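In what follows, a structure is listed as structure tokens, so that the remarks can point back to it.
Please treat every number below as a calculation from the coordinates, not as lab data. Keep in mind the model is a prediction, meaning the values are calculated, not measured. All Cβ positions, even for glycine, are placed from backbone atoms using ideal geometry, and neighbour counts span all protein chains on display.
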């Protein structure tokens, strides 16, 4: 009878160990769910890096264009700073009144 109890305790202890290890494999701080979440974050960050690299390349092309082409620089000054030549007129159009009324 003592042998039977010992065997049952061994089986129960082994089963409890397997359940505990399985639980930790899925739900612990380094488990499967955390791994999946970190894998999704990694994919999102890779996508962000690709977008930023493309934007950086576009800005580098713009810088080279502005350095080498005086007409491009003049266009930028006109567009961004609102400069006009002495023979030009600047017409300022009023904004949309619906947007001005909103707080």
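Percentage of Cα-Cα pair distances in region 37-92 greater than 15 Å, rounded to whole percent? Spell out each step's value before the answer.
Values: 1027 of 1540 pairs.
So the portion of pairs separated by more than 15 Å is 67 percent.
For residue 83 and residue 63, compute 0.36 nm times the residue count separating them, minus their Cα-Cα distance, and round to one decimal in nm.
Numbers: separation 20, 0.36 × 20 = 7.20 nm, distance 2.03 nm.
Extra length from residue 83 to residue 63 when fully extended: 5.2 nm.
Within a 10 angstrom radius of the beta carbon, how do 45, 76 rank from fewest other beta carbons to most?
Numbers: 45 10, 76 13.
Starting with the residue having the fewest Cβ neighbours, the order is 45, 76.
Hey, for a label at residue 76 modelled as a point 7 Å past Cα toward Cβ, could you say which residues of region 38-59 have their backbone N under 20 Å away?
Label zone hits: 53-59.
Kindly provide the helix-only [θ] at 222 nm of the chain, computed as the sum of -39,500 (n - 2.57) over DSSP H runs of four or more divided by all residues, to the nearest 500 deg cm²/dmol? Don't skip to the answer; put the middle values down first.
Working: 4 runs with 75 residues, N = 103.
Calculated at 222 nm, the ellipticity per residue is -25000 deg cm²/dmol.
What FRET efficiency do you get for residue 40 and residue 96 if R0 is 35 Å and r is their Cβ-Cβ distance, rounded to the nearest 0.05? It would help to have the intermediate numbers written out before the result.
Values: r = 41 Å, r/R0 = 1.18.
Approximately 0.25, to the nearest 0.05.
Could you let me know the centre-to-centre spacing of region 68-85 and region 47-66, using Cα atoms, in angstrom?
If you average the Cα positions of each part, the centres end up 21 Å apart.
Can you match semi-axes √(5λ) of the Cα gyration tensor in Å to one of these, [x] 20, 15, 12; [y] 72, 22, 5; [z] 24, 16, 13, based on a calculation from the structure here?
Among [x] 20, 15, 12; [y] 72, 22, 5; [z] 24, 16, 13, the one calculated here is [y].
To the nearest 0.05, how large is the calculated FRET efficiency for residue 7 and residue 27 if R₀ is 30 Å and r is the Cβ-Cβ distance? Walk me through the numbers before you get to the answer.
On the way: r = 30 Å, r/R0 = 1.01.
Taking R0 as 30 Å, the efficiency between residue 7 and residue 27 is 0.50.
Helix 2-27 versus the longest principal axis of the chain: what is the Cα-based angle in degrees, 0 to 90, to the nearest 10?
It works out to around 0 degrees.
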